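Here's the structure, in structure tokens; my notes come after.
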Amino acid sequence: MDIKKLVTDFRPAILFLGKFLGLYALLSISYTKGYLGWFSPNVDVMSDWIAHQTAFVMNIFGIETAAYTWPGFARTDIFISGKAAVSVVEGCNGLAVMALFVSFILAFSGDLKEKLKFIGWGLLFIHVVNIARIFMLAVIATKFERQLYYIQKHFFTTIIYVAVFLLWYMWVNRVLKKVKATTAA
């Protein structure tokens, strides 16, 4: 097996993986060591914001909901009809998943202006999916409290990643259609 030929043949894939992993590592370290450190021991702004947005949306749907941020604690609790339903913590804010999404799009080929536009819409989509996810979790927490851990861990975590894979799929198809259109012309 000729390693040099293998590297040459797979150069685009290797470059993509290098860029993707490098960007993701940079964004992840910035998030965990920088962003989260600024707010410790309190809840970060994005987690607090998404908890309050979820409570707002739930109230629109007629579910009596409130979000309360506890000073000195890294969480915001969502209450339904005065009863604690779920705690929104750092892992619920969607930023780590957004970093994964952004890293892939920036590492993949395509026009930078189009990438930035797609990233903007993709981040908004992920945010809306995340609000819907926390909304459903809060409602389930009041009905199936004992099963909440398993439902959240195995089902609702998957929802946010499926949203990211869907966006990646859309971007790859978009780029491939442009490549086919240019090579056919």
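The values are calculated or read from the model by the stated rules, or taken from the named source; none is laboratory data. Note that the structure is predicted; figures quoted are calculated from it, not measured. FYI the Cβ positions are ideal-geometry reconstructions off the backbone, even for glycines, and counts take in every protein chain you see.
Just for the range 97-145: of the residues that are among the charged types (D, E, K, R) and part of a helix (DSSP H, G or I), which one is surrounded by the most Cβ atoms within 10 Å (Cβ to Cβ)? Walk me through it before giving the result.
Within the range 97-145, the subset among the charged types (D, E, K, R) is 111, 113-115, 117, 133, 143, 145.
With the extra rule that they be part of a helix (DSSP H, G or I), the set shrinks to 113-115, 117, 133, 143, 145.
Values: LYS113: 8, GLU114: 14, LYS115: 19, LYS117: 11, ARG133: 22, LYS143: 9, GLU145: 11.
Here the residue is ARG133.
Looking at ALA74, ALA55, ALA85, can you tell me which residue is part of a helix (DSSP H, G or I) and at pLDDT 90 or above?
Details: ALA74 fails: part of a helix (DSSP H, G or I); ALA85 fails: part of a helix (DSSP H, G or I).
It is ALA55.
Determine the pairs where a residue that is at negative phi and part of a helix (DSSP H, G or I), located within the range 146-158, has a partner that is aromatic (Phe, Trp, Tyr) and modelled with pLDDT under 80 with Cβ atoms under 8 Å apart, the partner being 6 or more residues away or on another chain.
Final answer for the pair search is ILE151/PHE144.
Here are the criteria: (1) exposed (fewer than 15 other Cβ atoms within 10 Å of the Cβ); (2) of a type outside the set (A, V, I, L, M, F, W, C); (3) modelled with pLDDT under 95. Tell me which single one TYR31 does not satisfy.
So TYR31 meets the others, but not (1).
Which residue out of VAL7, VAL57, VAL88 is out of contact with any Lys or Arg (no Cβ under 6 Å at 6 or more places or on another chain), of a type in the set (Val, Ile, Thr) and without any contact (Cβ under 8 Å) to a residue 24 or more places away in the chain?
On the way: VAL57 fails: without any contact (Cβ under 8 Å) to a residue 24 or more places away in the chain; VAL88 fails: without any contact (Cβ under 8 Å) to a residue 24 or more places away in the chain.
When all the criteria are applied, what remains is VAL7.
Consider the range 8-48. How many of its residues are farther than 24 Å from LEU106 by Cβ and under 15 Å from the mean Cα position of the chain (by Cα)?
1
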